[in-house]
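**Student:** Quick one: the structure is below, and I'll ask about it shortly.
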Amino acid sequence: MRELTITQKILELKKEKNAIILAHYYQEPAIQDIADFVGDSLGLSIEAAKTNADIIVFAGVYFMAETAKILNPAKKVLLPDLNAGCSLADSCPSDAFENFIHLHPNHTVITYVNCSAEVKALSDIICTSANAKKLIESLPKEEPIVFGPDKNLGKYLINETGRELVLWQGACMVHEAFSVDKLKALSKQFPNADIVAHPESETPILEMANYIGSTSGMINYIKNSDCPEFIIATEAGILYQMKKEVPGKLLIPAPAVENNTCACSECPYMKMNTLEKLYRCLRDETPEVNVPEITRKKALIPLRRMLEISA
Ligand code: 13P
Ligand code: SF4
């Protein structure tokens with residue numbers, strides 16, 4: 001009898017166990033191809049909130065799987081590699097963040113979804129890069145706000161909304177790796193290319209961008225723009241989905257400062273997940289992501305607020 005391929009095995013297990021595979025745009029192509037839903041952090045949270053599956057396999061990073069668990073305490077949430085963390089979430093330990101909040105009493109605490117469940121539990125509203133501006137603008141103008149953990153997204157939001165946000169000084173190592181000098185040189189080489197950037201990138205990169213937005217926002221922009229060439233300043237995994245959407249357009253990854261192996265910026269955490277690990281985790285139903293119930297209940301409140309406001 002012919003041996004099933006790993007893809008076929010995953011599809012069979014998925015059916016047998018009533019499982020759903022949610023994948024972020026930064027995942028490797030084979031994982032994106034087998035997923036039931038591929039999206040940005042907001043889209044993935046919305047899918048996680050409405051699924052009827054018994055098992056959620058989260059092909060993304062730890063905080064994303066935790067978010068799915070916070071929304072679905074009765075479901076089993078699996079992450080193919082438990083070490084798939086996030087440098088931005090790590091830059092905001094919950095005890096230090098709690099002290100920071102106490103230094104700013106009477107402030108509304110808005111946190112970017114790239115943070116731990118404990119940090120979410122300390123927050124008033126969660127946001128993603130797709131809805132942060134809308135969420136801030138939904139609050140009265142005079143309301144003082146603490147924003148964390150990403151300082152680059154925070155600075156961008158201060159610029160966009162004209163509000164004074166008190167910023168936690170966290171950052172993402174992948175988006176801070178882009179080189180302004182190399183980007184300027186690339187832009188000279190491709191003068192007709194639009195630059196699209198994720199708001200986790202540093203200000204000098206964002207100042208050069210024609211469009212700034214979440215991963216799904218960037219995909220929509222290149223789809224709807226008449227421009228035939230783009231330089232993409234975010235994790236390189238997104239290029240796979242972009243090439244599918246606009247096969248005729250030229251897509252150039254923005255260059256990182258020091259990178260001898262490839263010209264682009266890759267998230268080492270996102271790339272820890274592989275098809276083989278995904279298969280094994282679905283087969284063995286481990287590793288599982290859990291959140292202590294007391295933390296989960298607290299974190300659910302700001303997460304629900306986000307889902308309500310961005311609905
Ligand atoms: P998006 O919400 O735009 O998909 O971003 C997630 C992320 O981790 C960016 O580094
Ligand atoms: Fe975290 Fe940055 Fe990786 Fe996104 S790209 S998951 S923010 S380390």
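**Student:** Regarding the range 155-173, can at least one residue be identified that is farther than 29 Å from Ala35 by Cβ, in a loop (DSSP other than H, G, I, E, B) and among the basic types (Lys, Arg)?
**Tutor:** yes
**Student:** Any residue in the range 22-44 that is of a type in the set (Val, Ile, Thr) sitting within a Cβ distance under 7 Å of a residue that is part of a loop (DSSP other than H, G, I, E, B)? List the pairs, counting only those 6 or more apart or interchain.
**Tutor:** Ile31/Asn273; Val38/Tyr25
**Student:** If you don't mind, there's one more thing I want to ask. Taking the conditions exactly as written (of a type outside the set (A, V, I, L, M, F, W, C) and out of contact with any strand residue (DSSP E or B) (no Cβ under 9 Å at 6 or more places or on another chain)), does Lys120 satisfy them or not?
**Tutor:** So Lys120 fails the test.
**Student:** Every residue in the range 181-206 that is farther than 17 Å from Tyr221 by Cβ, without any contact (Cβ under 8 Å) to a residue 40 or more places away in the chain and among the acidic types (Asp, Glu), please.
**Tutor:** Of everything in the range 181-206, just one residue is farther than 17 Å from Tyr221 by Cβ, without any contact (Cβ under 8 Å) to a residue 40 or more places away in the chain and among the acidic types (Asp, Glu), namely Asp181.
**Student:** Output the residue which, of all residues in the range 100-116 that are of a type outside the set (Val, Ile, Thr) and away from ligand 1 (no atom under 12 Å from the Cβ), is surrounded by the most Cβ atoms within 10 Å (Cβ to Cβ).
**Tutor:** Residue satisfying both the conditions and the ranking: Ser116.
Residue-by-condition table, conditions (1) of a type outside the set (D, E, K, R); (2) modelled with pLDDT under 95; (3) under 24 Å from Ala48 (Cα atoms); (4) surrounded by fewer than 24 Cβ atoms within 10 Å (Cβ to Cβ):
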{"site": "Glu118", "(1), (2), (3), (4)": "no, no, yes, yes"}
{"site": "Lys133", "(1), (2), (3), (4)": "no, no, yes, yes"}
{"site": "Ile145", "(1), (2), (3), (4)": "yes, no, no, yes"}
{"site": "Gly154", "(1), (2), (3), (4)": "yes, no, no, no"}
{"site": "Thr161", "(1), (2), (3), (4)": "yes, no, no, yes"}
{"site": "Leu167", "(1), (2), (3), (4)": "yes, no, no, yes"}
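**Student:** Checking Gly43 against (1) closer than 20 Å to Lys17 by Cα; (2) in contact with a helix residue (DSSP H, G or I) (Cβ under 7 Å, 6 or more places away or on another chain); (3) not in a loop (DSSP other than H, G, I, E, B): exactly one of these is not met. Which one?
**Tutor:** Just one mismatch for Gly43, condition (1).
**Student:** Further question: So how many residues does the range 184-198 have that are exposed (fewer than 14 other Cβ atoms within 10 Å of the Cβ) and either more than 17 Å from Ser225 (Cβ to Cβ) or in contact with a Phe, Trp or Tyr (Cβ under 6 Å, 6 or more places away or on another chain) (or both)?
**Tutor:** Summing the residues that are exposed (fewer than 14 other Cβ atoms within 10 Å of the Cβ) and either more than 17 Å from Ser225 (Cβ to Cβ) or in contact with a Phe, Trp or Tyr (Cβ under 6 Å, 6 or more places away or on another chain) (or both) in the range 184-198 gives 4.
**Student:** Would you check which residues across the range 174-190 are outside any helix (DSSP H, G or I) and within 16 Å of ligand 2 (Cβ to nearest atom) and list them?
**Tutor:** Val174, Phe178
**Student:** Go through the range 83-99 and give me each residue that's under 16 Å from Pro302 (Cβ atoms) and crowded, with 17+ Cβ neighbours inside 10 Å.
**Tutor:** Within the range 83-99, Ala89, Cys92, Phe97 qualify.
**Student:** Restricting to the range 1-40, name every residue that is within 15 Å of ligand 2 (Cβ to nearest atom), not aliphatic (A, V, I, L, M) and not in a loop (DSSP other than H, G, I, E, B).
**Tutor:** If the condition is that a residue be within 15 Å of ligand 2 (Cβ to nearest atom), not aliphatic (A, V, I, L, M) and not in a loop (DSSP other than H, G, I, E, B), then His24, Gly39 are the ones that fit.
**Student:** Take Pro204 and tell me if it is over 23 Å from Gly170 (Cα atoms) and either more than 13 Å from ligand 1 (Cβ to nearest atom) or not aliphatic (A, V, I, L, M) (or both).
**Tutor:** Taking the combined requirement at face value, the residue does not satisfy it.
**Student:** Inspect all residues belonging to the range 221-233 and state whether any of them is of a type outside the set (Phe, Trp, Tyr), modelled with pLDDT of 95 or more and closer than 16 Å to Met173 by Cβ.
**Tutor:** Yes - at least one qualifying residue is present in the range 221-233.
The values are calculated or read from the model by the stated rules, or taken from the named source; none is laboratory data. Keep in mind the model is a prediction, meaning the values are calculated, not measured. Note that each Cβ is placed from the backbone with ideal geometry, even for glycine, and that neighbours are counted across all protein chains shown.
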